[in-house]
Amino acid sequence: MFFNGMSRNREGEIDYLSNPNREANLAFSLQLKCHAMELFEGFTKPIYLKGYRYNLHLKERSLLIELGNENNTVEEAKNAAAPLAKVIADVLKGEVKHTLQG
């Protein structure tokens, strides 16, 4: 699961929590999600947008990734690391061809 900090709440932007890298981080997580869907169908959950920054404002292409949740075993979470590493490596190396349809 990829998280993105939006620095906003129900009333709108949170001025004291700016995130100048929000768009770049969203684009990066979308690239990862699309590539993961191409390689490993059903591997990722939706991209979650949360109201806080989670230190994602510090650098472009920052990520907060959750491997597994309370419904997964530790072994399942560990087994997800290798496919996730491939997805991240492919995207960072520019070895991605997005062919997702509609």
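The values are calculated or read from the model by the stated rules, or taken from the named source; none is laboratory data. What you see is a predicted model; the values in this text were computed from it and never measured. Cβ atoms come from the backbone with ideal geometry, glycine included; neighbour counts cover every protein chain shown.
Just name the residue that is nearest to LYS93 (Cα to Cα) out of those in the stretch 13-71 that are assigned to a helix (DSSP H, G or I) and of a type in the set (Lys, Arg).
So, considering only residues that are assigned to a helix (DSSP H, G or I) and of a type in the set (Lys, Arg), the one nearest to LYS93 (Cα to Cα) is LYS33.
Evaluate the following for ILE88: is it touching a helix residue (DSSP H, G or I) at 6+ places or on another chain (Cβ under 8 Å), more than 21 Å from SER18 (Cβ to Cβ) and in contact (Cβ under 8 Å) with a residue 60 or more places away in the chain?
Numbers: touching a helix residue (DSSP H, G or I) at 6+ places or on another chain (Cβ under 8 Å): yes; more than 21 Å from SER18 (Cβ to Cβ): yes; in contact (Cβ under 8 Å) with a residue 60 or more places away in the chain: no.
Considered against the rule, which asks whether it is touching a helix residue (DSSP H, G or I) at 6+ places or on another chain (Cβ under 8 Å), more than 21 Å from SER18 (Cβ to Cβ) and in contact (Cβ under 8 Å) with a residue 60 or more places away in the chain, ILE88 comes out as no.
Considering only residues that are modelled with pLDDT of 95 or more and among the small types (Gly, Ala, Ser), which ones fall in the stretch 82-102?
Listed by number, the residues that qualify are ALA82, ALA85, ALA89.
Taking the stretch 73-100 as the region of interest, how many residues are surrounded by 14 or more Cβ atoms within 10 Å (Cβ to Cβ) and either in contact with a Ser or Thr (Cβ under 8 Å, 6 or more places away or on another chain) or in a loop (DSSP other than H, G, I, E, B) (or both)?
Counting residues in the stretch 73-100 that are surrounded by 14 or more Cβ atoms within 10 Å (Cβ to Cβ) and either in contact with a Ser or Thr (Cβ under 8 Å, 6 or more places away or on another chain) or in a loop (DSSP other than H, G, I, E, B) (or both) gives 1.
Please enumerate the residues belonging to the stretch 55-71 that are of a type outside the set (D, E, K, R), within 14 Å of ASN19 (Cβ to Cβ) and surrounded by fewer than 16 Cβ atoms within 10 Å (Cβ to Cβ). Outline the logic, then answer.
As a first pass, look at the stretch 55-71 and keep what is of a type outside the set (D, E, K, R): 55-58, 62-65, 67-69, 71.
Among the residues that remain, those that are also within 14 Å of ASN19 (Cβ to Cβ) are: 55-58, 62-64.
ASN55, LEU58, LEU63, listed by residue number.
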